[in-house]
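Shown next, in structure tokens, is the structure this report addresses.
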Amino acid sequence: PSISRNLLRNTHAANAKRPASSLVYIEHKDGKMNDSTLHAVTAAKAVGGDVSAIVVGTEGEVASVLDEVKKIDGLAKVFTAKSEGFAHGMAEVNAPALSAFLESPPSTASGPISHLFAAHTAVAKNIFPRLAGSMNVSHVADILSVKHDESSKSTEYTRPIYAGNAILQIKTSAEKDRIGVVSVRTTAFDKASTGGSGADVEEVKVEAATGPTKFISEELTTSTRPDLSAASRVVSGGRALKSADQFNAIMEPLADSLGAAIGASRAAVDAGYADNSLQVGQTGKVVAPELYVAVGISGAIQHLAGMKESKMIVAINKASRDAPRDADAPIFQIADAGLVADLFTAVPELTEKIKAA
Ligand code: FAD
């Protein structure tokens, strides 16, 4: 134990002297990079120092995503780790591979990695806590900002807590945390630009761990609509829709008329009116579209936590005409435009007007 403690101390001491160097974990699916990764790149750049990326996947996956990744502006290097064992991106396989890479990055890297970033999506939520735990370093999740001080080797982050009602400031230092494992709230950072001339690529050899966890199958919800997390317009339905049939009959034409993604409150999801993947809020997706239309949603703080950064918020709710801002519908307190009406008449009428416009 004393030897490993000394080793640990030496590593911490060495890390405390190195310049900041960030790595971005590239999320991909079906041979395409998930655009939310570009927000993580912007956060990584805010640290200062160089920024590299790593693509972990099967030979085929890496080959099809690589061109897109290389073109991200400002990357010092793109590392690839290929193995058929990385298929399906399981945390049990990818976390040990990342940890092996981070513990001994190739000699061609500009130095040990000080920060690892990814977008705060289901993928990072799955892999990063396991990775940070296994490396005995902190996991800083869902950050809104990052500021690194090279002279003290410390990094300050902010992240929302209590459903976004308070902002927590976190400070880590290289001495205590040799690597910052950080996931990024995509709505808080712009996308990094693409179109670069192509970063250098280096293949690294890391084993795909084999263990008791096996991939069996996955069931994906397919939709031709825009992706909820990235859509510029979102229309969300709540408990007031009263059934799955009515949810679809009211919300789908409205979404079609606006070219919008469909979201839902947790009450609508729990009642089975809408699919789980559509939930917006503290325990669902966080969105910040140009336009967010809340239909029959009261505006509980847990729902607001997922949409209050939207640029234009429209609420349609039958809250009392005499007191439209009453406590029954707190959504009106953050709405830029509110329509006090019965959704079953107002929304079809609105849909027709939008189509005719
Ligand atoms: P309600 O609060 O019942 O509101 C329905 C609204 O519809 C009312 O304002 C009513 O005036 C209006 N209405 C009724 N009939 C009509 C009509 N005919 N026309 C127009 N308006 C009408 N919630 C989320 O949404 N996302 C989350 O991620 C989430 N996470 C949570 C996490 C935790 C730990 C907890 C405790 C709760 C969470 N919730 C979440 C639940 C949240 O507290 C609310 O219960 C939920 O958001 C309410 O959904 P709603 O607005 O659809 O329903």
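The values are calculated or read from the model by the stated rules, or taken from the named source; none is laboratory data. Predicted model only: the values in this text are computed from it and were never measured. Counting neighbours? That spans all protein chains shown, and the Cβs are built from the backbone with ideal geometry, glycine included. Keep in mind that these areas ignore ligands, DNA and RNA; they rest on the heavy atoms of the full protein, side chains included. Shrake-Rupley method; radii C 1.70, N 1.55, O 1.52, S 1.80 Å.
When segment 268-282 is filtered for residues that are in contact with a helix residue (DSSP H, G or I) (Cβ under 7 Å, 6 or more places away or on another chain) and under 21 Å from SER36 (Cα atoms), the ones remaining, listed by number, are ASN276, LEU278, GLN279, VAL280, GLY281, GLN282. The residue pairs whose first member lies in segment 27-43 and is open to solvent by 10 Å² or more (accessible area, probe 1.4 Å), whose second member is acidic (Asp, Glu), and whose beta carbons are closer than 6 Å, counting only pairs six or more residues apart or on different chains, are MET33/GLU68; ASN34/GLU27; THR42/ASP190.
Confirm whether GLU156 is surrounded by 12 or more Cβ atoms within 10 Å (Cβ to Cβ) and more than 17 Å from LYS45 (Cα to Cα). So GLU156 fails the test. Inspect all residues belonging to segment 74-95 and state whether any of them is assigned to a helix (DSSP H, G or I), of a type in the set (Lys, Arg) and either open to solvent by 20 Å² or more (accessible area, probe 1.4 Å) or under 25 Å from GLU156 (Cβ atoms) (or both). The answer is no; no qualifying residue exists. From the list SER223, SER183, SER138, the one residue that fits, being in contact with a helix residue (DSSP H, G or I) (Cβ under 9 Å, 6 or more places away or on another chain) and open to solvent by less than 30 Å² (accessible area, probe 1.4 Å), is SER183. Screening SER298 against (1) within 10 Å of the ligand (Cβ to nearest atom); (2) open to solvent by less than 10 Å² (accessible area, probe 1.4 Å) leaves a single unmet condition, (2). Number of residues in segment 277-293 that are at pLDDT 95 or above and within 8 Å of the ligand (Cβ to nearest atom): the value is 3. Taken over segment 186-217, the criterion of being open to solvent by less than 90 Å² (accessible area, probe 1.4 Å) and closer than 30 Å to ILE161 by Cα is satisfied by THR186, THR187, ALA188, PHE189, ALA192, SER193. Of all residues in segment 244-267, one or more are within 12 Å of the ligand (Cβ to nearest atom), closer than 20 Å to LYS125 by Cα and touching a helix residue (DSSP H, G or I) at 6+ places or on another chain (Cβ under 9 Å). Closer than 21 Å to ASP342 by Cα and within 16 Å of the ligand (Cβ to nearest atom) - does that describe any residue in segment 223-230? Within segment 223-230, not a single residue is closer than 21 Å to ASP342 by Cα and within 16 Å of the ligand (Cβ to nearest atom).
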